[in-house]
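Here the structure comes first, spelled out in structure tokens, and everything after it is commentary.
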Amino acid sequence: MGQKVNPVGYRTGVMVGWKSRWYAPKEDFATLLLEDNKIRKFIKKHPSKEYHKAGIDRIEIERTRGEVKIVLFVARPGLIIGKKGQEIEILQDELQNLIGRRVNLKIEEISRPDLQAQLVAEKIADQLVRRASFRRTMKKAAEETIDAGGKGIKIQLSGRLGGAEMARCEKQIAGSIPLSTLRAKIDYGLVEALTPQGHIGVQVWINQGLYGDDSDGINAQTGQASKGTKRSYKR
């Protein structure tokens, strides 16, 4: 068996920033870490709203002494903001009641969702649940990513593909995916497709170019996302 490394974790602290940015004393660290996990789960698996349909790529959290700043990077922000900003106000109040702290919620729009690995993986998983052909789905997703400006993409599906009796692994690769090169801007996404035959794991690697090369229009510093977004919605 090969030793696999998450491309995001491999680059975190070297080329990429953390998704949670705060400091805490030793006795409070575990509590705040679980609180971050609770916030992310609540937004992505909301009990009454379908916020996951908005295409949430990632959720970044910053903490100060007085408040918790939450930044959502979303492909379709209108589904979260709602008419005249009513939905975002409700979500902000729910998060404040959930953690008992003041919350500052901010929405960032993603300009090209076909270059975000998590969103591509969720799109593939959604089509697999609808019983689409997995080979056609993988090929179409790879073509859309390359057309959007991606330097390369790798898609891997694992499970009972097509309802087969025995689980197997299928791959689709287009372009170049230099996973061992730290300067390469590799985005990674993982989703489980809940099909009637069982769970199918969907993994996506997307090569967005090199850090420091802004020719593809994506910001080199993940976590700041100033060039990779269209507009901001502040509360």
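Laboratory data are not the source of any read-out in this text; all were calculated from the coordinates shown. Keep in mind the model is a prediction, meaning the values are calculated, not measured. Virtual Cβ from ideal backbone geometry, glycine too; neighbours counted across all protein chains shown.
Points worth noting:
- Label-to-label distance for residue 180 and residue 135 is 3.2 nm, based on points extended 7 Å past Cα in the beta-carbon direction.
- Helix 134-147 vs. the chain, principal-axis angle (Cα, 0 to 90°, nearest 10): 70 degrees
- Relative to the longest principal axis of the Cα atoms of the chain, the long axis of helix 86-99 makes an angle of roughly 80 degrees.
- Between residue 126 and residue 49, residue separation times 0.36 nm minus the direct Cα-Cα distance comes to 26.0 nm.
- Modelled spin-label separation between residue 62 and residue 83, with each label point placed 7 Å from Cα along the Cα-to-Cβ direction: 3.4 nm.
- Signed unit charges on C-beta, dipole axis of the chain, positive-most listed residue 5, 161, 56: 161
- Taking the charge dipole of the chain about its Cα centre, with +1 at Lys and Arg Cβ atoms and -1 at Asp and Glu Cβ atoms, the residue from 85, 208, 149 reaching farthest to the positive side is 85.
- Of the GluC sites (Glu not before Pro) found in the stretch 13-114, the ones in coil according to DSSP and having at most 12 other Cβ atoms within 10 Å of their Cβ are 50.
- Helix-only mean residue ellipticity at 222 nm for the chain, each DSSP H run of n ≥ 4 adding -39500 (n - 2.57), per residue, nearest 500: -9000 deg cm²/dmol
- Relative pair counts by distance (%), Cα atoms of the chain, 5 Å bins: 1, 6, 13, 17, 17, 16, 14, 9, 5, 1, 0
- Kirkwood radius, the stretch 75-194, all distinct C-alpha pairs, inverse of mean reciprocal distance: 16.9 Å.
- Sites listed here are GluC sites (Glu not before Pro) in the stretch 114-178 whose DSSP assignment is loop and whose Cβ has at most 13 other Cβ atoms within 10 Å: 165.
- Antiparallel DSSP beta bridges within the chain, as percent of all bridges there, nearest 5: 80 percent
- Considering all C-alpha pairs of the stretch 36-116, those separated by over 23 Å amount to 15%.
- Lys, Arg +1 and Asp, Glu -1 on Cβ, resulting dipole of the chain about Cα centre, debye, nearest 20: 120 debye
- Pairwise label distance in nanometres, residue 14 with residue 171, each label 7 Å out on the Cα-Cβ vector: 2.1 nm
- Exceedance of the 21 Å cut-off in Cα-Cα distance is limited, within the set 53/185; 4/154; 49/139; 53/106, to 53/185; 49/139.
- Within straight-line cross-link reach of residue 140, aspartates and glutamates at Cα separation under 13 Å, skipping those fewer than 8 residues along the same chain: 114
- If you sort the three axes of the alpha carbon gyration tensor as a ≥ b ≥ c, you get a/c of 1.5 or more for the stretch 120-188 and a/b above b/c, which makes it prolate.
- Over all projection directions, the Cα-based convex hull of the stretch 1-49 averages an area of 6.0 nm².
- D (Stokes-Einstein, µm²/s), Kirkwood Cα radius, the stretch 10-78, 1.306 mPa s at 10 °C: 117 µm²/s
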